[in-house]
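Chemist: Pasting a structure here, questions to come.
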Amino acid sequence: RKSGEKQFDYVNPAQRNVQIEMELACTHHLKQVGAWLPPCKYRKIDLSTGEFPVEASVVIPVLNRESTIADAIKSVLGQQTSFKFNILVVDNHSTDGTSDIIDAFGDDRVVHIIPERRDLGIGGCWNEAVNSEYCGRFAVQLDSDDLYSSPSTLQMVVDEFYKQNCAML
């Protein structure tokens, strides 16, 4: 198989019955542990409250990705939006030159965060980003070896937050 093909089989429309089975299993589990929320109308959230340095922050957790991090950052910097955004690159103590590549951008929108702890993993790096003073109203994930598919991707994601009036997509 081509790279990534098997990994994304679950979103293939031909696998719809597998998707439904997975959703039912997850729903059953959530009900068993008391974490299921029934689909209903929740109170509308006010997305205009709070003060943030930018509208959106693209969070890139990274560890030793010198061969891909520059392309990921360039992909974000190439986004065309109607709002200000930044990139929070949380570098989990890379030893391969990744840090130098991040620092070489010299763009104020690229914020290089190196956590004090060395045992955070991706989730811990995410926490560092969203709890930092640099985080925007919305935090959007981009893997350190990924690219945006078009210059309007970030705009489309943020537009959906407002369209769906939600805190998470």
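The values are calculated or read from the model by the stated rules, or taken from the named source; none is laboratory data. Since we're looking at a predicted model, the values are computed, not measured. When we count neighbours, we look across all protein chains shown, and the Cβ atoms used for this are built from the backbone with ideal geometry, even at glycine. Ligands, DNA and RNA are stripped out before the accessible areas are found, and what is left, the full protein with its side chains, is counted by its heavy atoms. Shrake-Rupley method; radii C 1.70, N 1.55, O 1.52, S 1.80 Å.
Chemist: Can you name the number of the only condition in (1) touching a residue at least 40 places away in the same chain (Cβ under 8 Å); (2) in contact with an Asp or Glu (Cβ under 8 Å, 6 or more places away or on another chain); (3) outside any helix (DSSP H, G or I) that Ala72 fails?
Modeler: Every listed condition holds for Ala72 apart from (3).
Chemist: Here's something else I'd like to know. For the range 79-86, state whether one or more residues are of a type in the set (Phe, Trp, Tyr), open to solvent by less than 40 Å² (accessible area, probe 1.4 Å), in contact with a Leu (Cβ under 7 Å, 6 or more places away or on another chain) and within 23 Å of Met168 (Cα to Cα).
Modeler: yes
Chemist: What is the number of the single condition among (1) at pLDDT 90 or above; (2) part of a loop (DSSP other than H, G, I, E, B); (3) open to solvent by 80 Å² or more (accessible area, probe 1.4 Å); (4) over 28 Å from Phe83 (Cβ atoms) that Ala35 does not meet?
Modeler: For Ala35, the failing item is (3).
Chemist: Something else now. Taking only pairs six or more apart or across chains, which ones have beta-carbon atoms under 8 Å, a first residue in the range 1-27 that is within 20 Å of Asp143 (Cβ to Cβ) and open to solvent by 70 Å² or more (accessible area, probe 1.4 Å), and a second residue that is modelled with pLDDT of 75 or more and not small (Gly, Ala, Ser)?
Modeler: Tyr10/Val18; Tyr10/Gln19; Tyr10/Met22; Val11/Gln19
Chemist: Moving on. With Val62, Val54, Val157 as the choices, which residue is surrounded by 13 or more Cβ atoms within 10 Å (Cβ to Cβ) and touching a Phe, Trp or Tyr at 6+ places or on another chain (Cβ under 6 Å)?
Modeler: None of the other options fit; the residue is Val54.
Chemist: Now, a different point. Output the residues belonging to the range 123-152 that are open to solvent by 20 Å² or more (accessible area, probe 1.4 Å), outside any loop (DSSP other than H, G, I, E, B) and either under 16 Å from Lys84 (Cβ atoms) or touching a residue at least 24 places away in the same chain (Cβ under 8 Å) (or both).
Modeler: Trp126, Glu128, Val130, Ala139, Gln141
Chemist: Next up: Looking for something surrounded by 12 or more Cβ atoms within 10 Å (Cβ to Cβ) and of a type in the set (D, E, K, R) - is there at least one such residue anywhere in the range 113-120?
Modeler: No: the range 113-120 contains no residue that is surrounded by 12 or more Cβ atoms within 10 Å (Cβ to Cβ) and of a type in the set (D, E, K, R).
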